[in-house]
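Contents: one structure, followed by commentary.
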Amino acid sequence: MVLITVRLTRGATMDLALRKLSLTKEDVDLGYGLIPLDPDKGTYGMRVTPEAARKLADDGRDFEGPWSDPRIEPFGPPR
Amino acid sequence: MRVLIQLRPSPDLVAAVADPTMTATTSDVSDGLPGVVLDQSYIPVAVPRPMPASPTGDPLSLNQPLIYSMAPDEASVVLRGEVSDDEVSTRMSLLPGRRDVVAVYADPVIETSLTCGGTPPVGDWHDVERLLRVAELRAEGLDGSGVTLAVTDTGINAAHVARRLGRGLTVDQERSWTPPGVPGGAGEFAVDHGSMCAFDALISAPQASLIDIPVLLSRRPGGSALDGLLSDAVAAFAHLRAVLDAQPAATRSLVVSNSWGSFSPRWDFAPGHPGNYSDNPAHPFNLIVGSLAEAGADLLFAAGNCGRDCPDGRCAYPDRSITGANSHAKVLSIGGVDVNGERVGYSSQGPGRLTQRKPDFCAYTHFAGSRAFGENSPDSGTSAACPVAAGLVAAIRTQWPAARLSPAALRTLLRRSADDRGELGYDYDYGYGIVDAAGIIGALRSRANRAA
């Protein structure tokens, strides 16, 4: 899965995002869900398959990404 | 081997060396000593002769009342030089008595002993309590009551933390959040890094209400037991935004302690790539961090353990290891010092990647505290320094919610009140200095008086 961001109306749902992007439930990480990043600006994040991200780009859909999704680890104890 | 050579030249030469208005050089004092390379850049120093204070005193004993004479016929002069390592003992025994030489001494390198990963604990959490002036904070009514303190980490074991603190604590079950698929409930996770962070945060904010966010326990293919993905942190911060928005505006206070980050560029797009995280303020996580801070949250991130003196073995950035949100302009990036005020050798140095002036300041680490990693293991890393600072912020928020003191104003107050260390003013080792609770208390009193 890769992380992308989309612009949707305030209070948007995953169903609305799928419809807007012409994606199916198999294309996205439903467990992760649709994450509001900045409610005031209507920016949301979601995880999609790499194939779906490529399809969105090929279709010229309005989205940003894929964004890097690096591993994060505790800063301690120092090894 | 570097050596110091003590000579007793003519009294007029000693007088010239001792006279601060004159500049005598090494070559004025000695035109050379066999087997010694004299350091011509070293300014000769006059050394007084110790003498018995009493006329009947022992002229050869230093264990009695002494006076120190700088009289030209009694004082001596010290020069600096170097002898070959394989001739040290010969030269040191043969030189005295020749060409005015009185004695030859070793000139060892002097340096502080840095605290590194394997160093035993330096002090304990009661030292931290004292340094953070917790008793004074409590007297000012600053104990974290009514303040929400989120620990985004590996989960908290509340029973262990309570046992180590010797007092109860509050974990807010309702407002805690767990990534999908992670078993366990808030406050009931295995004792690990997150329990250390919770313990350290509660040192100065014992009454704060903890929100448990075990973002580093997320399950994914190929992941280890104790790491996560940044997208999990994105989801966690979205939850925290909902927590913040649900608070009444007048009393809003949410402190978020983040003792984690990314060790390697291997998992990231390269700087310059539009999807990059480390150097890109437009990355979704950097956006949500800015948005949450703007909405009224205090966000603290550990600076990292990639200090040049003894970096963590996982550090893979070739330089500027304070990356991404850990270097965000709207967060406090926390470096580490031990309870003696010395920077720990692994504490990451600036400049940061998103904002140059990182770390912001340092807080205490490497002390015996939670024992989350065993009886003799310290609470260490900038991982411990971050919640120590976050606890102090939570204590402040008891009387100073975001509506009264904005997160930006609080960040400025903490930077300005820090006890300056290292170079004068800001430096990339200590930032603005070491967090100073006394300075903070004073600044808050002044602010309250001005407002009254």
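The values are calculated or read from the model by the stated rules, or taken from the named source; none is laboratory data. Since we're looking at a predicted model, the values are computed, not measured. Glycine gets a Cβ as well: all are built from the backbone with ideal geometry, and neighbour counts include every protein chain shown. To get the accessible areas, we keep the full protein, side chains included, count just its heavy atoms, and leave off ligands, DNA and RNA. Shrake-Rupley method; radii C 1.70, N 1.55, O 1.52, S 1.80 Å.
Rounded to the nearest 0.05, the FRET efficiency derived from the C-beta distance between B:R445 and B:N376 at R0 = 56 Å is 0.90.
Calculate how many DSSP beta bridges within the protein assembly as shown are antiparallel, expressed in % of all such bridges and rounded to the nearest 5.
Working: 43 of 69 bridges.
Given both bridge residues lie in the protein assembly as shown, the antiparallel proportion sits at roughly 60 percent.
Its Cα gyration tensor gives chain B an equivalent ellipsoid, and the semi-axes of that ellipsoid, as √(5λ) in whole Å with the largest first, are 54, 25, 21. Taken about its Cα centre, the range B:376-452 carries a charge dipole of about 620 debye when Lys and Arg each add +1 at the Cβ and Asp and Glu each add -1 at the Cβ.
About the Cα centre, and with charges only on the beta carbon of Lys, Arg (+1) and Asp, Glu (-1), how big is the dipole of the range B:2-106? Nearest 20 debye, please. Don't skip to the end; give the middle numbers.
Working: 7 positive and 13 negative charges, 33 e Å.
Result for the range B:2-106 is approximately 160 debye, rounded to the nearest 20.
Shape analysis of the protein assembly as shown yields a ratio of the Cα radius of gyration to the Kirkwood radius, Rg/Rh, of 1.14.
Taking amide H as placed 1.01 Å from N in the peptide plane, B:G335 has its amide H under 5 Å from the amide H of B:A303, B:D360, B:F361, B:C362, B:A363, each at least 5 places away in sequence or on another chain. Karplus-based coupling profile of the range B:259-264, in residue order and whole Hz: 9, 8, x, 10, 8, 9, with θ = phi - 60° in 6.51 cos²θ - 1.76 cosθ + 1.60 and x standing for Gly or Pro. Magnitude of the charge dipole for chain B, about its Cα centre and with charges confined to Cβ atoms of Lys, Arg (+1) and Asp, Glu (-1), is about 1620 debye. Treating each Cα of the range A:14-59 as an identical point scatterer and ignoring solvent, apply the Debye formula and state log10 I(q)/I(0) at q = 0.29, 0.30, 0.34 Å⁻¹. One equal scatterer on each Cα of the range A:14-59 leads to -1.15, -1.19, -1.28.
Percent of Cα pairs in the range B:225-375 per distance bin of 5 Å, from zero to the largest separation: 2, 9, 17, 21, 20, 15, 10, 5, 1, 0. Were the residues from B:E129 through B:A409 laid out at 0.36 nm apart, the gain over their Cα-Cα distance would be 98.3 nm. The string of couplings for the range A:38-48 from the Karplus curve (6.51, -1.76, 1.60, θ = phi - 60°) is 9, x, 5, 9, x, 9, 10, x, 7, 9, 10 Hz, one whole number per residue in order, with x for Gly and Pro. Stokes-Einstein, applied to the Kirkwood radius of the range B:96-253 over Cα pairs at a viscosity of 1.002 mPa s and 20 °C, places its translational diffusion at 115 µm² s⁻¹. Taking a straight line from the alpha carbon of B:K330, these lysines sit under 16 Å away, with near neighbours fewer than eight places off in the same chain left out: B:K358. For B:S380, nonlocal amide neighbours, meaning residues 5 or more places apart or on other chains whose placed amide H falls under 5 Å from its own, are B:H366. When only Cα pairs below 8 angstrom with a gap of at least 6 residues are kept, the range B:223-304 shows a relative contact order of 39 percent.
Taking the C-alpha atoms only, the angle from helix B:407-417 to the longest principal axis of chain B is near 20 degrees.
Residues in the range B:194-207 carry Karplus couplings, in order, of x, 5, 4, 4, 4, 4, 5, 5, 7, 4, 9, 10, x, 9 Hz; the curve used is 6.51 cos²θ - 1.76 cosθ + 1.60 with θ = phi - 60°, and Gly or Pro positions show x. When the alpha carbon gyration tensor of the range B:246-326 is reduced to an equivalent ellipsoid, the three semi-axes, largest first, read 28, 17, 8 Å.
With r defined as the distance between the Cβ atoms of B:R167 and B:A242 and R0 fixed at 35 Å, what FRET efficiency is calculated, to the nearest 0.05? Spell out each step's value before the answer.
Numbers: r = 30 Å, r/R0 = 0.86.
Once the sixth-power term is evaluated, E becomes 0.70.
Using alpha-carbon positions, what is the distance between the centroids of the range B:185-215 and the range B:1-61, in Å? The range B:185-215 and the range B:1-61 have Cα centres spaced 61 Å from each other.
What's the carbon and sulfur percent of the protein assembly as shown's accessible surface, probe 1.4 angstrom, rounded to a whole number? Walk me through the numbers on the way to the answer.
Working: 11630 of 22470 Å².
Of all accessible area on the protein assembly as shown, carbon and sulfur atoms account for 52 percent.
In this structure B:T251 has an accessible area near 80 Å², from a 1.4 Å probe over the protein heavy atoms. Taking every alpha-carbon pair under 8 Å whose residues sit at least 6 apart, the range B:250-298 reaches a relative contact order of 40 percent. So how far, in whole Å, is the C-alpha centre of the range B:345-394 from the one of the range A:25-79? What the calculation gives is 30 Å, centre to centre. Counting only other chain Cβ atoms within 10 Å of each residue's Cβ, the peptide B:282-294 averages 4. The residues packed around B:D279, meaning those with a beta-carbon under 10 Å from its beta-carbon, carry a net charge of +1 if Lys and Arg are +1 and Asp and Glu are -1. Total accessible area buried between chains A and B, 1.4 Å probe, in Å² to the nearest 100? What A and B bury together is about 3300 Å².
All C-alpha pair distances within the range B:296-434, sorted into 10 Å bins from zero, spread as 14, 44, 32, 10, 0 percent across the bins.
Across chain B, the relative contact order, built from alpha-carbon pairs under 8 Å that are at least six residues apart, equals 15 percent.
Quantify how strongly other chains surround peptide B:267-279 by giving the mean number of their Cβ atoms within 10 Å of each of its Cβ atoms. Kindly include the intermediate steps, with their values, before the conclusion.
Numbers: counts 5, 5, 5, 1, 0, 0, 2, 5, 9, 3, 6, 2, 0.
Mean shielding by partner chains, rounded to a whole number: 3.
Taking amide H atoms as placed 1.01 Å from N in the peptide plane, the amide H of B:V45 lies under 5 Å from those of B:V78, each 5 or more residues away in sequence or on another chain. Seen from B:I396, the other residues with C-beta closer than 10 Å to its C-beta sum to a net charge of -1, counting Lys and Arg as +1 and Asp and Glu as -1.
Note on the range B:4-119: percent of Cα-Cα distances in each 10 Å bin, starting at 0 and stopping at the bin with the largest distance, equals 13, 36, 30, 16, 5, 0.
When DSSP beta bridges are limited to those with both residues in chain B, what percentage is antiparallel, rounded to the nearest 5?
On the way: 27 of 53 bridges.
So the antiparallel bridges in chain B amount to around 50 percent.
Averaged over residues, the count of other Cβ atoms within 10 Å places the peptides A:64-71, B:184-191, B:379-386 in the sequence B:379-386, A:64-71, B:184-191, highest first.
Within straight-line reach of A:K20, meaning a Cα separation under 20 Å, sit the following lysines at least 8 residues removed in sequence or on another chain: A:K41, A:K55. Our helix-only sum for the protein assembly as shown, with -39,500 (n - 2.57) per DSSP H run of n ≥ 4 divided by its residues, gives a mean residue ellipticity at 222 nm of -7500 deg cm²/dmol.
Taking every residue in A:31-41, how many Cβ atoms of other protein chains lie within 10 Å of its Cβ, on average?
Mean shielding by partner chains, rounded to a whole number: 6.
Overall dimensions of the range B:51-148, expressed as equivalent-ellipsoid semi-axes from the Cα gyration tensor (√(5λ), whole Å, largest first), are 53, 25, 12. Normalised by 2.2 N^0.38 Å, where N is the number of residues, the alpha-carbon radius of gyration of chain A equals 1.22.
Counted by Cβ distance under 14 Å from B:A208, the other residues give a net charge of -1, where Lys and Arg count +1 and Asp and Glu count -1.
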